[in-house]
Each structure stands twice: as structure tokens, then as C-alpha cells.
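*Asks:* First the structure, which I've put down as C-alpha cells, then a few questions once you've had a look.
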Amino acid sequence: MAGLKTIIERRMPRLYARLIDFRDRMAPDYGEKELALVPILAEADADAYDIGANHGAYTAPMLQVAGRVVAFEPNPTMGKVLKTRFARELREGRLVLMPMALGDAEGEAVLHVPEAGSGLASMKEEAVQSVSTPGMLHIAVAVRRLDDLKSDIGRGRRVGFVKIDVEGFEGTALRGAVETLKAHQPSLLIEAEERHTPGTLAELQALLGPIGYRGLYLLDGRLHDMTGFDIARLQDRSALNAEGTRRLPDRIYVNNFIFVARPEPLARLEAAYGPVVSA
């Protein structure tokens, strides 16, 4: 099935966009449980940034809440998917598509896209070695710092929420966004996995803690402080399917982390999930 999905995705991106949109409308519970965080963390009077938008799983609910969405996606095939799926929102200016990767320096880099699916694509080749196949694509893409783009896409607009899913490149992307984070204190939802980049969870806390962010994660319907995160138990590779794309039924695997720097989003989170369970 993954092979057929990849064929449609790569050769018929517009059809793929319509299929994905139909699936998400007909089976809203199919995606990650953290999608439920979007209406809590995104803000109607602020922009939301989708960094690593892929086919728009998070872009879609962001558009229902945020004042405007800016989607960053360096894979040109996924760019076609996003343009098809969100054509109206692009025309109306509610969505801005940025065809680039975000990093800590301006330049060009290579995006590695495994045959298992574009959702595992990474700027770090070692992050996709476990799913490397003859069908791996290597695409040259532009890289910019978010801090350098604020004058182009911000124009005085506040940023309220940022989602980051860049398969092992999250620390690099954040290092190029520190001034934006300091200025706006947006709530963050970051996918991070030790299997892609060992030490990445400690790196995130070291980057974000000093600028006022508290790390949290969801487990069993409760918010937990990230300080006590048990990597061996909560990111056990055996809890995922062979491709590493989905959690197996009745298994635990936590790879999405919430970072908040303001009391208001934390209060909304605790209203939805109860007080944070301390480490």
C-alpha cells in the first residue's frame, strides 16, 4: 500500500491532494491525536506557521482558526499538492506558501525523500538511512532563516502558533528563528524523535528553555512535563510499523512536544487536559 501511495503522490500529486482531502473529511480521527491541539494553540488574531507542511494535515485545521497561515514546504511535489488542496485559501490570501526549508543559514541543501513516503523526508541524510531504498529522491532546495523572512511575510503581524515537523532538522530550524520566538512567544508543536537525531530532545530544551519556554507532551489524555520524558519507554522503535510512519495499535509512542512561553495558552491547555503532571 505504501508503494501505491508513493506512486500516486509522486506521479499524480493533484489526484493525491484530492484523495488526502477526501480522507481527512471522511475520517477526521485518522490523523495524529495532536491535531486536536491546533484549535487550542492557534489564535484567531495571529498568524500560524506550518514548518514542514507536507500534504497539509496541520495546515487544514490551522486555516479554520488562525488569522492567516504560512506553510513552509521545500518538496516541489508536496507544493503541488498544497496548491491543489488549498487553491481557494491561497487566492484569498489566507494561506501563504513558502517553497523552501528553514535552517540556521541561508543557502541551498539537499532534501532526501525516501520511497516509504514524503512524510519521512529530511534535510539530514542520516535521518532517513533506516528507510533508504533505490527509490530515494535527492532534491536541491533553498534554505532560509525564519528570522530573515519576517519582514517579507510578517509586515507587523503577530505569530501565535508554530508547528515544526522536519524529521531531525528541528534544532537547525529553531536556531534560525530565535529572534522571532523571543519577539512573539508563539506556542510551538514540534515533532522530535531520537531515532532521527540522538540528543534532539535535550537540544530542544537547551534552545528553548533559556528564552522562556516550558516543554510538555500528551500521554493518556494528560499533559506531562517534558523534563521527565523516558526516551527508552516512550520512543521505542518497535512501537512503529515497518516504514516508521505510524504507531502500531495499542502501543505507546510519543513524538510531538508542546512548548509554551505565555500563561494564556498554558491555561487553555490545562482547561482541556487538566493540570500538568510534574516530572
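The values are calculated or read from the model by the stated rules, or taken from the named source; none is laboratory data. All values derive from a computational prediction rather than experimental measurement. Cβ atoms come from the backbone with ideal geometry, glycine included; neighbour counts cover every protein chain shown.
*Asks:* Restricting attention to the range 144-165, which residues are of a type in the set (A, V, I, L, M) and at pLDDT below 95?
*Replies:* Selection gives Leu149, Ile153.
*Asks:* Can I ask one more? Tell me which residues, restricted to the range 146-166, are surrounded by fewer than 23 Cβ atoms within 10 Å (Cβ to Cβ) and under 15 Å from the mean Cα position of the chain (by Cα). Before you say what the answer is, go through the steps one by one.
*Replies:* As a first pass, look at the range 146-166 and keep what is surrounded by fewer than 23 Cβ atoms within 10 Å (Cβ to Cβ): 147-158, 165.
Once the filter is applied, which keeps residues that are surrounded by fewer than 23 Cβ atoms within 10 Å (Cβ to Cβ) and under 15 Å from the mean Cα position of the chain (by Cα), the range 146-166 yields only Asp165.
*Asks:* Kindly establish whether Arg214 is over 20 Å from Pro99 (Cβ atoms) and in contact with a helix residue (DSSP H, G or I) (Cβ under 8 Å, 6 or more places away or on another chain).
*Replies:* The answer is yes for Arg214.
*Asks:* Quick check on the range 54-75: of everything there that is touching a Pro at 6+ places or on another chain (Cβ under 7 Å) and over 19 Å from Ala42 (Cα atoms), which residue is surrounded by the most Cβ atoms within 10 Å (Cβ to Cβ)?
*Replies:* Here the residue is Glu73.
*Asks:* Then there's this: Can you work out which of the residues in the range 167-183 that are closer than 18 Å to Asp47 by Cβ and either part of a loop (DSSP other than H, G, I, E, B) or basic (Lys, Arg) (or both) is farthest from the chain's Cα centre (by Cα)?
*Replies:* Only one residue tops the list, namely Lys182.
A quick yes/no check of all residues on (1) under 26 Å from Lys124 (Cβ atoms); (2) of a type in the set (Ser, Thr, Tyr); (3) not in a helix (DSSP H, G or I):
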site	(1), (2), (3)
Leu4	no, no, no
Arg10	yes, no, no
Leu15	no, no, no
Leu19	no, no, no
Tyr30	no, yes, yes
Ala36	no, no, no
Met62	yes, no, no
Met78	yes, no, no
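*Asks:* Still on this structure, I have one more. For residues that are in contact with a Leu (Cβ under 8 Å, 6 or more places away or on another chain) and assigned to a loop (DSSP other than H, G, I, E, B), scanning just the range 226-246, find the one that is nearest to Ala267 (Cα to Cα).
*Replies:* Here the residue is Phe229.
*Asks:* Residues of the range 248-263 being under 22 Å from Leu204 (Cα atoms) and surrounded by fewer than 13 Cβ atoms within 10 Å (Cβ to Cβ), which ones?
*Replies:* Taking the range 248-263 and keeping what is under 22 Å from Leu204 (Cα atoms), we get 252-263.
Answer for the range 248-263, where residues must be under 22 Å from Leu204 (Cα atoms) and surrounded by fewer than 13 Cβ atoms within 10 Å (Cβ to Cβ): just Pro263.
*Asks:* For residues in the range 133-143 being at pLDDT below 85 and surrounded by 14 or more Cβ atoms within 10 Å (Cβ to Cβ), which is farthest from Ala53 (Cα to Cα)?
*Replies:* So the residue we want is Met136.
*Asks:* Then there's this: Taking the range 20-39, which residues are modelled with pLDDT of 90 or more and either within 25 Å of Ser151 (Cβ to Cβ) or surrounded by fewer than 18 Cβ atoms within 10 Å (Cβ to Cβ) (or both)? Break it down stepwise before answering.
*Replies:* Filtering the range 20-39 down to residues modelled with pLDDT of 90 or more leaves 34-39.
Answer for the range 20-39, where residues must be modelled with pLDDT of 90 or more and either within 25 Å of Ser151 (Cβ to Cβ) or surrounded by fewer than 18 Cβ atoms within 10 Å (Cβ to Cβ) (or both): Ala36, Pro39.
*Asks:* Within the range 194-215, can one find any residue that is closer than 18 Å to Val166 by Cβ, of a type in the set (D, E, K, R) and in a loop (DSSP other than H, G, I, E, B)?
*Replies:* yes
*Asks:* Pick from Leu188, Leu223: which is assigned to a strand (DSSP E or B) and more than 17 Å from Ala42 (Cα to Cα)?
*Replies:* On inspection, the qualifying residue turns out to be Leu223.
*Asks:* What residue, of Thr172, Thr200, is touching a residue at least 12 places away in the same chain (Cβ under 8 Å), of a type in the set (Val, Ile, Thr) and touching a helix residue (DSSP H, G or I) at 6+ places or on another chain (Cβ under 7 Å)?
*Replies:* Thr200
*Asks:* Continuing with this model, one more query. So, in the range 247-270, of the ones that are assigned to a strand (DSSP E or B) and closer than 19 Å to Gln235 by Cα, which residue ends up nearest to the chain's Cα centre (by Cα)?
*Replies:* Asn256
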